[in-house]
Amino acid sequence: MNIETLEFFGAMAGHQRLGPDAMVLRGFALPFVSELMPSIADVEAVSPFRHMVTPSGFTMSVALTNCGALGWATDRRGYRYTAIDPESGKRWPAMPDVFARLANEAATAAGFNDFDPDACLVNRYLPGARLSLHQDKNERDYEAPIVSVSLGMRATFMFGGLKRTDPTIKVSLYHGDVMVWGGVDRLRFHGVMPLKEEPHPLLGSQRINFTFRKAG
DNA sequence: CAGTGACC
DNA sequence: TGGT
């Protein structure tokens, strides 16, 4: 893939370090995209995107689904990982091989060997959708990193500290970028600013994000 | 408790 | 737009 192609799809090659154990792998997922897209449709066919409700009673602007043995879910009772999709009553769809392969290779590129995720949260952002600052802390242990794959429209990602009130840095995430954080950065607060409408040539006015985790 | 939103 |  040449640099003109990378620029057309919105990603520059290279790495950007955000912390001792946190980095953006620019365009890392681009070679996987043609395999990824049909797999999203397969997942969605079994477990459709839906807007979940937080314990505080707010409906999330991001629509989500999951694949893998465990899926992240929220309702009035709290956050948790489940083996069963509460909407369908069935297991979350299996994690497609290409998902696991991408997650493992990205983790390795960022310095985390043998990443074997059992959960993939799939988030769909339409214009205006956002995700407030939060920590990923429902996982059983924090040894494994978080691997986050961006597809479609650009997002402004916020990366903060270990306290919600710590200052944040903002970084644009483009189609094909993969963000990896673990180690001393594993529990840093992070979120996504409301998406601006900047249609993407492949996905149109949406952003799809995969977040891979070792949850169980 | 909270992955939100209102208000300054 | 950033902080509370």
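The values are calculated or read from the model by the stated rules, or taken from the named source; none is laboratory data. Note that this is a predicted model, so its numbers are computed, not measured. Positions of Cβ are backbone-derived with ideal geometry, glycine not excepted, and every protein chain shown enters the neighbour counts. Accessible surface areas use protein heavy atoms only, side chains included; no ligands, DNA or RNA. Shrake-Rupley method; radii C 1.70, N 1.55, O 1.52, S 1.80 Å.
Of the conditions (1) more than 19 Å from A:Val24 (Cα to Cα); (2) within 16 Å of DNA strand C (Cβ to nearest atom), A:Ser205 clears all except one; give me its number.
(2)
When you scan region A:129-148, how many residues do you find that are open to solvent by 50 Å² or more (accessible area, probe 1.4 Å) and under 20 Å from A:Asp118 (Cβ atoms)?
6
Return the residue satisfying two criteria in turn: it lies in region A:162-200 and is open to solvent by less than 60 Å² (accessible area, probe 1.4 Å) and charged (D, E, K, R), and of such residues it is farthest from DNA strand B (Cβ to nearest atom).
Per the stated criteria, the residue is A:Asp177.
Being open to solvent by 70 Å² or more (accessible area, probe 1.4 Å), more than 23 Å from A:Gly71 (Cα to Cα) and among the small types (Gly, Ala, Ser) is the filter here, so list the residues in region A:17-55 that pass it.
Result: A:Ser34, single match.
I'd like to verify a number: residues in region A:182-210 that are closer than 13 Å to A:Lys137 by Cβ and part of a strand (DSSP E or B), how many?
1
Quick one: which residue in A:Gly176, A:Gly160 is touching a residue at least 24 places away in the same chain (Cβ under 8 Å) and within 13 Å of the chain's Cα centre (by Cα)?
A:Gly176
Out of A:Phe115, A:Phe159, which single residue is within 16 Å of DNA strand C (Cβ to nearest atom) and surrounded by 18 or more Cβ atoms within 10 Å (Cβ to Cβ)?
Answer to the check: A:Phe159.
Kindly list, by first and then second residue, each pair from a residue in region A:62-85 that is at positive phi to a residue that is outside any strand (DSSP E or B) and surrounded by 14 or more Cβ atoms within 10 Å (Cβ to Cβ), limited to pairs with Cβ atoms under 6 Å and residues at least 6 apart or on different chains.
Within 6 Å, the pairs are A:Gly68/A:Met95; A:Gly68/A:Asp118.
Can you run down the residue pairs with Cβ atoms below 7 Å, 6 or more apart or on separate chains, where the first is in region A:30-49 and closer than 18 Å to A:Arg207 by Cβ and the partner is open to solvent by 70 Å² or more (accessible area, probe 1.4 Å)?
Short answer, once both residue conditions are applied: A:Leu30/A:Met1.
Taking region A:65-108 only, how many residues are over 13 Å from A:Ala119 (Cα atoms) and either surrounded by 20 or more Cβ atoms within 10 Å (Cβ to Cβ) or within 16 Å of DNA strand B (Cβ to nearest atom) (or both)?
The qualifying residues number 10.
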